[in-house]
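Colleague: I'd like to ask you about the structure that follows.
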There are 2 protein chains.
Amino acid sequence: MRAINFSAGPCTLPLDVLEEAQDELVDYRGRGMSLLEMSHRSPEYEAVHNEALDLSREIFGAPDEFAILFLQGGASLQFGMVPLNLLGPGQQAGYLASGAWGTKALEDAGHHGKAYAAWDGADSGYTTMPGPEDIEIRDNTRYLHVTSNETIHGTRLSEWPNEARLVADMSSDYMSRAIPWDRFDLVYGGAQKNLGPAGLTIVFVRHSVLEETNRDLASYLRYDIHAAKNSLYNTPPVFAIYMTGKTLKWIQRQGGLAAIEKAAQARSDLIYDVIDGSDGYYRGPVQPGSRSHMNVVFRLPSEEDEARFLGEAVARNMLNLRGHRSVGGLRASLYNAMPMEGVEALASFMSTFR
Amino acid sequence: MRAINFSAGPCTLPLDVLEEAQDELVDYRGRGMSLLEMSHRSPEYEAVHNEALDLSREIFGAPDEFAILFLQGGASLQFGMVPLNLLGPGQQAGYLASGAWGTKALEDAGHHGKAYAAWDGADSGYTTMPGPEDIEIRDNTRYLHVTSNETIHGTRLSEWPNEARLVADMSSDYMSRAIPWDRFDLVYGGAQKNLGPAGLTIVFVRHSVLEETNRDLASYLRYDIHAAKNSLYNTPPVFAIYMTGKTLKWIQRQGGLAAIEKAAQARSDLIYDVIDGSDGYYRGPVQPGSRSHMNVVFRLPSEEDEARFLGEAVARNMLNLRGHRSVGGLRASLYNAMPMEGVEALASFMSTFR
C-alpha cells in the first residue's frame with residue numbers, strides 16, 4: 001500500500017513518474033541498455049536533456065531573456081556561486097534573513113563578498129516574512145536575495161520586493177507559483193521537493209547578467225560557461241534530469257503552473273482551516289499573511305499530544321509529519337505531487353484526533 | 001538483447017545492479033514509497049548512505065586516516081575545490097598536464113592560487129605519461145596533482161610520483177587499482193565510469209589535511225564541513241549513492257579490488273594483443289608503458305576504414321566505439337562492469353575485420 005508521505009524533501013513524487021521510470025530502467029526504449037549507461041553526448045540523452053530544459057521554461061513561464069542551467073550541489077552550492085559570479089568590486093548584496101535557509105545564504109555570501117541583512121526575522125522567531133516596506137536596501141546593492149519559502153519555519157514570501165534586482169532561492173516552492181520575471185536576475189532551487197529526486201539544481205539566470213559575471217573562477221563555478229555549453233559542460237546528473245523531465249510532463253498534464261498553484265493553495269487552505277477552526281487546540285505559529293502553501297507547521301497543546309498524534313498518524317499510513325528537529329512540533333509538507341486525497345485524510349484525522 | 005556498450009562514461013553498469021534497482025524503484029522494501037521519496041535523514045536512507053561509505057573504504061583499502069566524502073559537481077567542481085581548500089598563502093601546486101583532463105585541472109587551479117605544470121605531455125601529443133624523473137617540483141609546492149588515467153588519450157600513470165604530496169583525479173580508473181595511500185593527501189573522482197551513474201563524486205581526504213583547510217568559503221565548498229557532517233551537510237544525491245553502493249557490493253562479489261584490477265589488465269591486454277599482432281593494421285598511439293587499462297584507443301589505416309569498422313561493430317551489437325571527437329579514431333572503454341565476453345567479442349571482430 002502506498003504511504004501518504006508528508007516528507008519535507010526528498011518527498012513524494014507522482015506515482016506515474018516512478019512507474020514509467022521503473023519500466024525503462026534496465027532497457028531504455030529498446031536500446032539494449034539503461035539511460036544511465038549512455039553517454040551524455042548520445043542522441044537519446046540529449047533528447048531527454050533538452051526536453052527537460054524546454055519544459056522548465058514552458059511550465060515556469062520564463063521569458064527568453066533567461067538561460068536555464070542544470071547544475072549539481074543543491075541550493076547550498078548556489079549560496080557560494082551567486083556572490084562569486086554576481087558581486088563585483090564595490091558592490092554589496094542584501095539578504096532577507098528570513099529563517100534557517102535565508103540566514104545560511106547570507107553567511108555563505110559573506111565569504112565571497114560584502115553581504116548584509118536587509119531584514120531579519122529572528123526577533124519574530126521567523127514566524128513572518130517582511131513586506132516591501134520592512135526591507136532596507138543600502139547603497140551599491142547589486143541584488144537582494146530572498147528565500148521564497150522557508151521550509152523549516154513554514155513561511156512564505158507573499159509579496160515580491162521591488163526595491164532592488166532580485167535573486168531568489170525557491171527550493172521549497174519551485175514551480176508552484178507564478179513570479180514577476182522582470183524583477184529577477186536569477187532564480188535557483190533544488191529539484192528534490194517539487195520537481196524530482198535529489199541531485200539536480202535548476203538555475204534561471206538573465207542573459208544580460210551573464211555578460212558581466214566573474215570569469216576568474218574554476219569553470220564549474222561559472223554560470224556563463226554552463227549557459228554557453230547548454231548545461232553539458234561536464235557530465236550532468238542524468239537520472240535526476242530524466243526524472244525531473246517526467247515530473248514536468250506530469251505537471252503539464254495537471255494543467256500547468258496555474259493549476260498547480262491553485263491546487264497548492266487548496267491543499268494548504270484545507271489544513272489551515274482545520275487549525276483555525278480548532279478553538280486553539282491546533283496552533284499555527286506563522287502569521288496568516290506569511291503562511292506557506294508548501295509546509296504547514298503546527299503545534300498541539302503539549303509535546304505528549306504531539307507524540308501521540310504522530311504515532312496515530314503512522315498507524316493511518318500518514319508518514320513524516322514530525323517538524324524539523326530544530327523547531328519541533330508538526331509539519332505537513334504538501335508539495336506538488338501530494339494528492340488532494342492525502343490532504344483530506346490528514347484534515348479528517350486532525351478533526352477526529354482533536 | 002543487451003548491447004555490448006563501450007561508452008567512455010556514463011557507461012555500462014552491472015546488469016544485476018540495474019535489475020535490483022528496478023525491483024525496488026517504486027516501493028522500497030515494502031515501505032510504501034520509493035527511496036527517492038524518503039528524507040535523507042530517514043533510517044532507510046542513512047543505512048544506504050553509510051553502507052556505501054563503508055564499502056568505499058573497504059574496497060579501495062583506504063586507511064582510517066582518510067575521511068570519505070560524497071559530493072556533487074563531478075571532478076570539474078573538484079578542480080576548483082582542491083586549490084580553494086588546500087592552497088595557503090605562499091604555496092603553489094604542481095600539475096601534470098598529461099592530457100585534456102590534467103590540463104583543465106591546471107587551468108582551473110590557476111584561478112584560485114598559484115599552479116604550474118610540473119610536466120607537460122603536449123609535445124608527445126599526450127601519448128605518454130611521465131616517470132618520476134620527468135617531473136619538476138618547485139619550491140613551496142603544497143601538492144602535486146595527477147590524473148591517473150586520461151580518458152580521451154587512453155594513457156595511464158603507471159608509476160606514482162613520490163616527490164610531493166599527491167592529489168589524484170582518478171575519475172576514469174577509480175577503484176580499479178590499488179594505490180599507495182601514504183603518498184596521498186586527497187583522491188577524488190566521478191562515480192560515473194567504474195562505480196555508478198552520473199551525479200556522485202567521491203573524495204578521500206586525509207584527516208590531518210582537513211585541520212588546515214581554508215575556512216573562508218561558502219559551506220558547500222569546504223571539505224571539513226562535509227567530513228564533519230558525514231556527507232549529510234545538505235541533501236546528497238540519493239539515487240547515485242544508492243546505485244554506487246550496489247555496484248560496490250557487486251565489486252565485492254567479484255572478489256574485491258585485487259580481482260577487479262586483474263580483470264582490468266586481462267581485458268585491456270586482450271585488445272592490445274590484437275593491436276600488436278595486427279602487423280600494423282591497428283595502431284595504438286600510446287607508448288606501451290603508459291597504456292590505459294580502461295580506455296583502449298586505436299586507429300585503422302584510414303578514416304574510411306574506421307567508419308566501416310564502426311558500422312560493422314554496431315551491426316554486431318558493439319556500441320560506442322568512436323573515439324573522442326577531439327582526437328578521432330576508435331576507443332574501447334573497458335570499465336569495471338564490462339564483461340570479459342564483451343571484450344572477447346570485440347577482439348574476435350577486430351581479427352575478422354582485419
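Colleague: Test each condition in (1) among the hydrophobic types (A, V, I, L, M, F, W, C); (2) within 12 Å of another protein chain (Cβ to nearest Cβ); (3) buried (at least 19 other Cβ atoms within 10 Å of the Cβ) for A:LEU248 and report the one that comes out false.
Modeller: Among (1) among the hydrophobic types (A, V, I, L, M, F, W, C); (2) within 12 Å of another protein chain (Cβ to nearest Cβ); (3) buried (at least 19 other Cβ atoms within 10 Å of the Cβ), the lone unmet condition for A:LEU248 is (2).
Colleague: Output the number of residues of the range A:144-160 satisfying the condition of being without any contact (Cβ under 8 Å) to a residue 60 or more places away in the chain and either β-branched (Val, Ile, Thr) or open to solvent by less than 20 Å² (accessible area, probe 1.4 Å) (or both). Give the steps one after another, and end with the answer.
Modeller: We begin by selecting, within the range A:144-160, every residue without any contact (Cβ under 8 Å) to a residue 60 or more places away in the chain; these are A:144, A:146-148, A:159-160.
With either β-branched (Val, Ile, Thr) or open to solvent by less than 20 Å² (accessible area, probe 1.4 Å) (or both) added as a condition, the list becomes A:144, A:146-148.
Qualifying residue count, the range A:144-160: 4.
Colleague: Given the conditions (1) aliphatic (A, V, I, L, M); (2) away from every other protein chain (no Cβ under 12 Å); (3) open to solvent by less than 10 Å² (accessible area, probe 1.4 Å), report the number of the one that B:LEU53 does not fulfil.
Modeller: Going through the list (1) aliphatic (A, V, I, L, M); (2) away from every other protein chain (no Cβ under 12 Å); (3) open to solvent by less than 10 Å² (accessible area, probe 1.4 Å), B:LEU53 breaks only (3).
Colleague: Of the residues B:LEU36, B:LEU77, which single one is within 11 Å of another protein chain (Cβ to nearest Cβ), under 30 Å from A:ARG316 (Cβ atoms), buried (at least 23 other Cβ atoms within 10 Å of the Cβ) and touching a Gly at 6+ places or on another chain (Cβ under 9 Å)?
Modeller: Numbers: B:LEU77 fails: under 30 Å from A:ARG316 (Cβ atoms).
One residue alone meets the criteria, B:LEU36.
Colleague: For B:TYR233, which of the numbered conditions (1) over 20 Å from B:GLY9 (Cβ atoms); (2) touching a Pro at 6+ places or on another chain (Cβ under 7 Å); (3) within 14 Å of chain A (Cβ to nearest Cβ) fails to hold?
Modeller: Among (1) over 20 Å from B:GLY9 (Cβ atoms); (2) touching a Pro at 6+ places or on another chain (Cβ under 7 Å); (3) within 14 Å of chain A (Cβ to nearest Cβ), B:TYR233 violates only (2).
Colleague: Tally up the residues in the range A:122-136 that are crowded, with 16+ Cβ neighbours inside 10 Å and touching a strand residue (DSSP E or B) at 6+ places or on another chain (Cβ under 6 Å), please. Give the steps one after another, and end with the answer.
Modeller: First, the residues of the range A:122-136 that are crowded, with 16+ Cβ neighbours inside 10 Å: A:124, A:126-130, A:135.
Now drop any that are not touching a strand residue (DSSP E or B) at 6+ places or on another chain (Cβ under 6 Å), which leaves A:129-130, A:135.
Of the residues in the range A:122-136, 3 are crowded, with 16+ Cβ neighbours inside 10 Å and touching a strand residue (DSSP E or B) at 6+ places or on another chain (Cβ under 6 Å).
Colleague: Follow-up question, since we're still on this one. Looking at the range A:176-186 only, could you name the residues that are surrounded by fewer than 24 Cβ atoms within 10 Å (Cβ to Cβ) and assigned to a loop (DSSP other than H, G, I, E, B)?
Modeller: Scanning the range A:176-186 gives A:ARG177, A:ALA178, A:ILE179, A:PRO180.
Colleague: Look at A:ALA228 and say whether it is surrounded by fewer than 20 Cβ atoms within 10 Å (Cβ to Cβ) and either modelled with pLDDT under 95 or among the aliphatic types (A, V, I, L, M) (or both). Outline the logic, then answer.
Modeller: Numbers: surrounded by fewer than 20 Cβ atoms within 10 Å (Cβ to Cβ): yes; either modelled with pLDDT under 95 or among the aliphatic types (A, V, I, L, M) (or both): yes.
Considered against the rule, which asks whether it is surrounded by fewer than 20 Cβ atoms within 10 Å (Cβ to Cβ) and either modelled with pLDDT under 95 or among the aliphatic types (A, V, I, L, M) (or both), A:ALA228 comes out as yes.
Colleague: Assess whether B:GLU44 counts as being of a type in the set (Asp, Glu), within 13 Å of chain A (Cβ to nearest Cβ) and either open to solvent by 40 Å² or more (accessible area, probe 1.4 Å) or in a helix (DSSP H, G or I) (or both). Don't jump to the end; show me each part of the working.
Modeller: Numbers: of a type in the set (Asp, Glu): yes; within 13 Å of chain A (Cβ to nearest Cβ): yes; either open to solvent by 40 Å² or more (accessible area, probe 1.4 Å) or in a helix (DSSP H, G or I) (or both): yes.
Yes: the conditions hold for B:GLU44.
Colleague: Next question. Applying the selection to the range B:310-338, what residues are within 13 Å of another protein chain (Cβ to nearest Cβ), part of a loop (DSSP other than H, G, I, E, B), surrounded by 14 or more Cβ atoms within 10 Å (Cβ to Cβ) and not hydrophobic (A, V, I, L, M, F, W, C)?
Modeller: Residues satisfying the conditions are B:ARG316, B:ASN317, B:ASN320, B:GLY323, B:HIS324, B:TYR335, B:ASN336.
Colleague: If you check every pair at least six apart or on different chains, which have Cβ atoms under 9 Å apart with a residue in the range A:19-33 that is more than 7 Å from every other protein chain (Cβ to nearest Cβ) first and a residue that is open to solvent by 50 Å² or more (accessible area, probe 1.4 Å) second?
Modeller: Listed by first residue and then by second, the contacts come to A:ASP27/B:ARG2.
Conditions tested, residue by residue: (1) without any contact (Cβ under 8 Å) to a residue 40 or more places away in the chain; (2) of a type in the set (A, V, I, L, M, F, W, C).
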{"residue": "B:VAL296", "(1), (2)": "no, yes"}
{"residue": "B:LEU300", "(1), (2)": "yes, yes"}
{"residue": "B:ASP305", "(1), (2)": "yes, no"}
{"residue": "B:GLU312", "(1), (2)": "no, no"}
{"residue": "B:ARG325", "(1), (2)": "yes, no"}
{"residue": "B:TYR335", "(1), (2)": "no, no"}
{"residue": "B:MET350", "(1), (2)": "no, yes"}
{"residue": "B:PHE353", "(1), (2)": "no, yes"}
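The values are calculated or read from the model by the stated rules, or taken from the named source; none is laboratory data. Because the structure is predicted, anything quoted here is derived from the model rather than measured. In this analysis, Cβ positions are derived from the backbone assuming ideal geometry, glycine residues included, and neighbour counts consider all displayed protein chains. Side chains are part of the model used for accessible areas, which takes the heavy atoms of the whole protein and leaves out ligands, DNA and RNA. Shrake-Rupley method; radii C 1.70, N 1.55, O 1.52, S 1.80 Å.
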